[in-house]
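Asks: Sharing a structure below in structure tokens format, with a few things to ask.
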Amino acid sequence: MESQRCQIQPAGKEDLCTLRRRKGGGKTSEREAIRAGRLGGSEGANGRPAAASEDTNGRPVEEKRSLQDGHRRTGTCSVLALVAVLSLITRFYKILEPPHICWDETHFGKMGSYYINRTFFFDVHPPLGKMLIGLAGHLTGYDGSFPFIRPGDKYEDHDYWGMRGFCALLGSCLPPVAYLTVQELSRSSTAALIAAATLVFDTGCITISQYILLDPILMFFIMGSVLCTVKFNQQRHRPFSAPWWLWLVLTGVNLAGALGVKFVGLFVIMLVGLNTAWDLWRLLGDLDLPLAEFWKHLSARVFGLILLPLTLYIMIFAVHFVVLKKSGPGDGFFSSAFQSRLIGNNLHNASMPEYLAYGSTVTVKNIRIAGGYLHSHWHLYPEGVGARQQQVTGYLHKDYNNLWLVQRPNNSEDLSRTPDLVRHGDVIRLEHKETTRFLHSHLHKAPLTKKHLQVTGYGINGTGDPNDLWQVEVCGGRQGDPVKVLRSKVRFLHRATGCVLYSTGKTLPKWGWEQVEVTCSPYLKETPNSQWNIEDHINHKLPNISLSLLKPSFLEILVESHIVMIRGNSGLKPKDHESSSKPWHWPVNYQGLRFSGVNETEYRVYLLGNPVIWWLNLLSIGLYLLMATTAAVLLQRGVQLGGRSQERCQVLLDGGGLLFLGWLLHYLPFYTMGRILYYHHYFPAMLFSSMLTGITLDILLQCGDLLFPLAVARHLHRVAQGLLLAAFIYSFYLFHPLSYGMRGPLAHDPASAMAGLRWMESWEF
Amino acid sequence: MLESIKLPITVKADVNLVLVALTLMGLVTRLCGINFPKAVVFDEVYYGQFVSLYMKQLFFIDESGPPLGHMILALGAYLGGFDGNFVWDRIGAEYTSNVPVWSLRVIPALAGALCVPLGYQVMVELRYSHLTAVGATLLLLLENALIVQSRFMLLESLLIFFLLTAVLFYLRFHNAYSSGERSLTLWVWLVMSGVSCACALGVKYTGVFTYMLLLGLAVFHTWQLIGNQALSNALVMVQVMVRSFALLILPVLCYFGFFYVHLSLLCRSGPHDPMMSSAFQASLEGGLSRITQWQPLEVAYGSQVTLRSVSSKPVPCWLHSHRVNYPIRYEDGRGSSHQQQITCYPFKDVNNWWVIKDPGRQELVVSSPPQTVKHGDIIQLVHGMTSRFLNTHDVAAPVSPHLQEVSGYIDFNVSMPSQNLWKVEILNRESERAVWKTIYSEVQLVHVNTSAVLKLSGASLPEWGFRQLEVVGDKLSKGYQQRWAWNVEEHRYGRSHEQKEREQELHSPTHIDISRNLTFIDKFLEVQLKMLTMKIEETEHKYSSSPLEWVTMDTNIVYWLHPSSNAQIHLIGNIVTWTFANLGLALFSLLFIWYLLRRRRNIHDIPEETWHQFVQAGAVCAGGWVVNYLPFFMMEKTLFLYHYLPALTFKILLLSVVIEHLHVHIFRSSLQRRSLEGVLLAGLALVYVCYHTLSPFTYGYPELSSEDIPFLRWRESWDILIRQH
């Protein structure tokens, strides 16, 4: 029987249906029997006569229950195996197509390669996801040599299957995990099956799992955390037992994983945190529990859910920094001290003149983390933004436009002899090497920070004016102290207005190439924004001395990289003409994302959820709210419910409540985010929504017994479940080209495979 | 009959003299000398322009908030007989003699003054002692920031007033209900609370946070009511319905009401007309309605029209052409058709006129009877001034190469035939043979040969296209999108057969006949959506600040500077009160958490009654602070210190709650109580001293000498001007 069930023909849609129906029939009666058993055991008098009468043969209830548990377990296992196999098949089918870079593979594939090549880079997400991608690539023979330049580039003979396969593998874990979670929350295999089926047959989930992206990894850890938390909750009657510890620790591990992939992991941490707080509150209110015992509970959770994940998270970063030891494209985002760690960076084992001197060519870097190099270029401030002079900005990348010449005010340097050193209190001019303009400030408002003055490049070929003069001040130094390269913190005070050179950290609009604003601040308070250090120092007339920088400690690097990441994240603003997806678009499946191809001739993949499933999810959320409110009001009014209804209300409010909260936490915060948003940000929330659909629909179907006699209701339940699954499968059959690729004419053409399926005008396939 | 009259008719007056005294003091501190300075102070420059527009009944849109606040300010202006003639262009400008400064400022000042007794009443309704209420009221009375904000034509004092009334009325309702009273006044309180919520929301959107808090409180109380199994289901049902009517439906209705008044007042065309749809503009007196009033309604072959892009994004503009061709080669090396440019132009111009031509007919005049254009008809569009046909073909558009170029067709004899047939699709049609109507119909023009849709790409052309907006054909676009829709704005039936005459005709103004009225709901939705979606350039103001700086008052705002002397007005709060209020908040949180955890372990430090009182006060005051403060961290608009004032008001109330709690329940020995009382008196004295010291900055007089001012600059981050003489 078991083996028969596991033989699945890949395309046999009808076979699946019949199989499911047969199995569903068997399952339902089993479950009813279990419930009867449980009720008979615990409440007895409250149980319905029909339920009690099922307990016909004279065996003791306990024994019977264990037997049924055994039955149920084998049934569950086989359904679970079926779900797993189906999800593996759907995720791995055509995994190698298209054989070119799709969408964000260009970023994450590239970053995976960086790990293989051990080159340092900068990304707004924490490193775990990309590290795993890199590892998967490395283990499957990819050598990191593919450049991942732009979407559409052919992979040719590079081994990309490992990276895609790894993501698909994690992606195919989602339906089974959803099955187990819902099973645990609702104790109903119907609910679990519906939830799992929504994920298995959702084209969106399939598409997003098939490419080298962070999302499948992130979703895997999110679902893992939820499952472990739920399992942990079930162990509440056996505190400090081995399984209790196991699930607690696993929850912690998964949380660390989720946060290590993307900061979206914070939402699931909040969910688990709220759940734990609620649990602790319950324990605290349990007056039979001595306070000492409560502290034990508390410290166990602090260890498992805070300390352990934090340690793991930090370890991820430790690995990240150890692996990436070569200089790469991300250097400029970090401080001079940080850069000196990287092999190949010009600050690594740097040797340059030790003290700043007149006539030197230097780069000046803001001390503030991600403050940028002092930069200028051949572009003027636009009309209406202060004086129409050359822009001076902060720039995060290394560039020849960051070079400045240190001069005396009158440029009276004797070129033949050894240059003098610049000392604390000296007045200097800084000439931009490329454009020969001087660093200049005057009484005009700065472009963004209106309280500050504008800084410009002014004058040409050595003619300037008194507004070009800056006084050098070493922080904590005295009159006459020399300026140490790399190590001194320097302030530049404007002679004429008394303000101080300042990097505000705000991003200029398009005219300023989205570089950082540099101003002259009249507020002389000492902040890192107004302190600078001399990073590169070139002077051929002075001897180079090897400088061993103070190597930063691990903690400093950790904090610095986080600040850089957070700044980078909030800096991801929608560009002009780039339409940002709105959060309200997502649950209604309003618009998808083009993963590959636009034209009729190209191989097109379009990330879009299966509309039948997504709209059902949306409907279920409304339905859930209605049902939960009804249940809550009934309980609050103290209406006497039958045991069965009581149980349903509890599942609806507890299990459903957890999932609904998860959905809210993974969805609502996006409304407050200023950064650019994409459709795929909804997928973690969609997982919760799908699981909620499972519970809601199952309870709705079960409630049939309030209207009809039990036998009819059970029959109806079975039929409805079958219809639902059939609808999922048929809609998947209709929309599968979205995931597995379309060629030929677009959907508005009747000859297209997708003709008539563009149900919303906003879908672009 | 006469027996039923009970004589003598008596009135029993019950006057709380302390409250009266406090109210009077509030009136004195807020109302005295509000004529001074006789110049524009800070945001008066902003609200003033709207007041002027109300006086002249000109339509405007202000994205910063709903109209009730502006209307209340305008009411003051109306009562003072202001004619609206003043140029609100810079802070510090002297008011001319026609501006009734006193009546402009008196309503906000009154509202600010009434906040003082309202604070008292709220404390009493929270069931704290009258002495505590007096303390809270004194703190509100001597709060410099609240005084400054009340004394000018600004909205915060109105907002705080409505917030406090909403809270007060709700508490009064709840207290009366739970004490078993069942009279009509009970429900009057509830309704008043709902109306106050709507008013707060109508003054500023930020009022919504306190409204939400109040709703939360009401839901909680109603939930308890539902749980009361002694009540019958029907009674519970009625209660729930009444409460949701008063607190949910009524505020929404009031909010509509504000807009109704607003839109009925502003019936003339004004400065923001071009942002609105043609239909909306046509509903205003003057402006577009003057032009469109006599226009023919139905578009016919031979009609002369201007076509406006419905979406108004990025700017409202009209389909346009001029006698300049596309450059032969673009900067990036791509070639063009070198035909006449078609653009979208955001200004009225004679080059915006097009003539609708029947492809089967040569004449460009309207036949009689006029042959109307219907949905699905094929037309040609002829540019009025240059007689070129609107054309598109498989040539890449100048700025968006993935789309098709649209041009005015010239036959260069290079085997590029004209493709100038367009199908008219009326998007908001009611039937399949709907007639194209002026202003009303939103029309999509679909190219017959390539099935491309005429639309704005959203990009602007470079210098050679005079930076006008690019118009393209898009083959992929299907279905309804406002970006692809056009409507006829100006329209007349063409009469001239000759090109010269036609040009003459195009230059002359149109008039023929239609009139169309939008319903109120249409207008409301349009205005509200525009207000919410209008993109404000995110600029930093010289005195803007971040919410983090507010708690400790690290920032101030300069409201007014005397043009020559050192007299100046600043928004600076009473720093003693602010510090104590911060302490109070911290203490409250600690006490609350302490009690909460201990109660969970069944240890009751304070009586049950006190605990409920403490929690309710916390929900209102601490909750009021939280909901009026934390949301600002998530806002991406320019923020000022005055946004903190509603939160501050609640925090001051919380301070008195904490002090009474300390006095009654924590300090139990009489020695402790005595010392606390001593500290409190000293504190109040300190508050008064601080108020008095800062009052030159609050009232703008007496003028300070340049030696004194540095002593008042208690924080380095405060911007205070010192004039050296």
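The values are calculated or read from the model by the stated rules, or taken from the named source; none is laboratory data. What you see is a predicted model, and the numbers here were worked out from it, not measured in a lab. Glycine gets a Cβ as well: all are built from the backbone with ideal geometry, and neighbour counts include every protein chain shown.
Asks: In the set B:Ile606, B:Ile666, B:Ile593, which member is more than 30 Å from B:Ala200 (Cα to Cα) and either within 14 Å of another protein chain (Cβ to nearest Cβ) or polar (S, T, N, Q) (or both)?
Replies: B:Ile593
Asks: Another question about this same structure. Just to be sure before I move on: is A:Ala292 outside the structural domain of A:Ser113 (by the TED database), among the hydrophobic types (A, V, I, L, M, F, W, C), surrounded by fewer than 20 Cβ atoms within 10 Å (Cβ to Cβ) and not in a strand (DSSP E or B) in the structure I sent?
Replies: no
Residue-wise test of (1) closer than 25 Å to A:Pro99 by Cα; (2) within 23 Å of the chain's Cα centre (by Cα).
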| site | (1), (2) |
| --- | --- |
| A:Tyr179 | no, no |
| A:Gln183 | no, no |
| A:Thr190 | no, no |
| A:Thr198 | no, yes |
| A:Tyr211 | yes, yes |
| A:Met223 | no, yes |
| A:Val226 | no, yes |
| A:Val230 | no, yes |
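Asks: Is it the case that some residue within the stretch B:468-488 is surrounded by fewer than 22 Cβ atoms within 10 Å (Cβ to Cβ), away from every other protein chain (no Cβ under 14 Å) and at pLDDT below 85?
Replies: No, there is no match, as no residue in the stretch B:468-488 is surrounded by fewer than 22 Cβ atoms within 10 Å (Cβ to Cβ), away from every other protein chain (no Cβ under 14 Å) and at pLDDT below 85.
Asks: Taking the stretch A:276-289 only, how many residues are closer than 22 Å to A:Ala256 by Cβ and crowded, with 16+ Cβ neighbours inside 10 Å?
Replies: Qualifying residue count, the stretch A:276-289: 2.
Asks: What number of residues within the stretch B:327-345 are surrounded by 23 or more Cβ atoms within 10 Å (Cβ to Cβ) and not hydrophobic (A, V, I, L, M, F, W, C)?
Replies: Matching residues across the stretch B:327-345 total 2.
Asks: Look at A:Asp468 and say whether it is in the same structural domain as A:His379 (by the TED database), in contact with a Ser or Thr (Cβ under 9 Å, 6 or more places away or on another chain) and buried (at least 23 other Cβ atoms within 10 Å of the Cβ).
Replies: yes
Conditions (1) in contact with a Pro (Cβ under 8 Å, 6 or more places away or on another chain); (2) crowded, with 20+ Cβ neighbours inside 10 Å; (3) of a type in the set (A, V, I, L, M), marked per residue:
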| residue | (1), (2), (3) |
| --- | --- |
| A:Thr463 | no, no, no |
| A:Val472 | no, yes, yes |
| A:Cys475 | no, no, no |
| A:Val485 | yes, yes, yes |
| A:Glu517 | yes, yes, no |
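Asks: Of everything in the stretch B:346-383, what is in a loop (DSSP other than H, G, I, E, B), surrounded by 22 or more Cβ atoms within 10 Å (Cβ to Cβ) and at pLDDT 85 or above? Give them in sequence order.
Replies: The one that is in a loop (DSSP other than H, G, I, E, B), surrounded by 22 or more Cβ atoms within 10 Å (Cβ to Cβ) and at pLDDT 85 or above: B:Val373.
Asks: Does the stretch B:215-228 contain at least one residue that is of a type in the set (S, T, N, Q), within 14 Å of chain A (Cβ to nearest Cβ), surrounded by fewer than 20 Cβ atoms within 10 Å (Cβ to Cβ) and assigned to a loop (DSSP other than H, G, I, E, B)?
Replies: yes
Asks: Can you report the number of residues in the stretch A:298-320 which are surrounded by fewer than 17 Cβ atoms within 10 Å (Cβ to Cβ) and away from every other protein chain (no Cβ under 14 Å)?
Replies: Residues that pass the stated criteria total 12.
Asks: Also: Please verify whether B:Leu186 is under 19 Å from B:Gly624 (Cβ atoms) and assigned to a helix (DSSP H, G or I), treating the condition exactly as stated.
Replies: no
Asks: Conditions first: (1) under 30 Å from A:Gly597 (Cβ atoms); (2) surrounded by 18 or more Cβ atoms within 10 Å (Cβ to Cβ). B:Pro401 passes all but one, so which condition is the exception?
Replies: Just one mismatch for B:Pro401, condition (2).
Asks: Moving on to the next point. Say whether the condition of being within 14 Å of another protein chain (Cβ to nearest Cβ), out of contact with any Leu (no Cβ under 8 Å at 6 or more places or on another chain) and part of a helix (DSSP H, G or I) is met by at least one residue in the stretch A:262-277.
Replies: Checking the stretch A:262-277: at least one residue is within 14 Å of another protein chain (Cβ to nearest Cβ), out of contact with any Leu (no Cβ under 8 Å at 6 or more places or on another chain) and part of a helix (DSSP H, G or I).
Let's see how each residue does on (1) buried (at least 19 other Cβ atoms within 10 Å of the Cβ); (2) away from chain B (no Cβ under 14 Å); (3) over 24 Å from the mean Cα position of the chain (by Cα):
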residue	(1), (2), (3)
A:Arg648	yes, yes, yes
A:Gly662	yes, yes, no
A:Leu665	yes, yes, no
A:Met686	yes, yes, no
A:Met691	yes, yes, no
A:Ile695	yes, yes, yes
A:Gln702	yes, yes, yes
A:Leu716	no, yes, yes
A:Leu725	yes, yes, yes
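Asks: Looking at (1) free of Cβ contacts under 8 Å to residues at least 60 places away in the same chain; (2) away from chain A (no Cβ under 13 Å); (3) closer than 26 Å to B:Ser441 by Cβ, can you tell me which one B:Thr533 breaks?
Replies: The one condition B:Thr533 does not meet is (2).
Asks: Of (1) at pLDDT 90 or above; (2) loosely packed, with under 15 Cβ neighbours inside 10 Å, A:Phe92 satisfies all except one. Which?
Replies: Failed condition: (2).
Asks: Looking at A:Ala300, is it assigned to a helix (DSSP H, G or I) and either in contact (Cβ under 8 Å) with a residue 60 or more places away in the chain or under 22 Å from the mean Cα position of the chain (by Cα) (or both)?
Replies: Judged against the criteria, A:Ala300 is a match.
Asks: Only one of B:Ser309, B:Ser321, B:Ser337, B:Ser368 is without any contact (Cβ under 8 Å) to a residue 12 or more places away in the chain and among the hydroxyl-bearing types (Ser, Thr, Tyr). Can you tell me which?
Replies: B:Ser368
Asks: So which residues in the stretch B:559-578 are part of a strand (DSSP E or B) and in contact with a Gly (Cβ under 6 Å, 6 or more places away or on another chain)?
Replies: Answer for the stretch B:559-578, where residues must be part of a strand (DSSP E or B) and in contact with a Gly (Cβ under 6 Å, 6 or more places away or on another chain): just B:Ile569.
Asks: Right, something else. Which of (1) under 30 Å from A:Pro151 (Cβ atoms); (2) surrounded by 15 or more Cβ atoms within 10 Å (Cβ to Cβ); (3) within 13 Å of chain B (Cβ to nearest Cβ); (4) not charged (D, E, K, R) does A:Asn599 not meet, given it meets every other one?
Replies: Of the numbered conditions (1) under 30 Å from A:Pro151 (Cβ atoms); (2) surrounded by 15 or more Cβ atoms within 10 Å (Cβ to Cβ); (3) within 13 Å of chain B (Cβ to nearest Cβ); (4) not charged (D, E, K, R), the odd one out for A:Asn599 is (2).
Asks: Okay, moving on. Being within 14 Å of chain B (Cβ to nearest Cβ) and at pLDDT below 85: is that true of A:Thr449 here?
Replies: Yes; evaluated as a whole, the condition is true for this residue.
Asks: Looking for whichever is assigned by the TED database to the domain that holds B:Asn582, surrounded by fewer than 23 Cβ atoms within 10 Å (Cβ to Cβ), more than 40 Å from the chain's Cα centre (by Cα) and not in a helix (DSSP H, G or I) here; the options are B:Arg674, B:Arg668. Which one fits?
Replies: Criteria check complete, one pass: B:Arg668.
Asks: Could you grab me the full set of residues in the stretch B:66-119 that are assigned to a helix (DSSP H, G or I), surrounded by fewer than 19 Cβ atoms within 10 Å (Cβ to Cβ) and small (Gly, Ala, Ser)?
Replies: B:Ser103, the sole residue that qualifies.
Asks: Which ranges mark the strands (runs of 3 or more DSSP E) fully within the stretch A:431-542 that have 3 or more residues being more than 25 Å from B:Arg715 (Cα to Cα) and in contact (Cβ under 8 Å) with a residue 24 or more places away in the chain?
Replies: A:438-445, A:453-458, A:470-474, A:516-521, A:532-538
Asks: Scan the stretch B:535-543 and give yes if some residue there is over 23 Å from B:Leu168 (Cβ atoms), surrounded by fewer than 14 Cβ atoms within 10 Å (Cβ to Cβ) and hydrophobic (A, V, I, L, M, F, W, C), otherwise no.
Replies: Taking every residue of the stretch B:535-543 in turn, at least one turns out to be over 23 Å from B:Leu168 (Cβ atoms), surrounded by fewer than 14 Cβ atoms within 10 Å (Cβ to Cβ) and hydrophobic (A, V, I, L, M, F, W, C).
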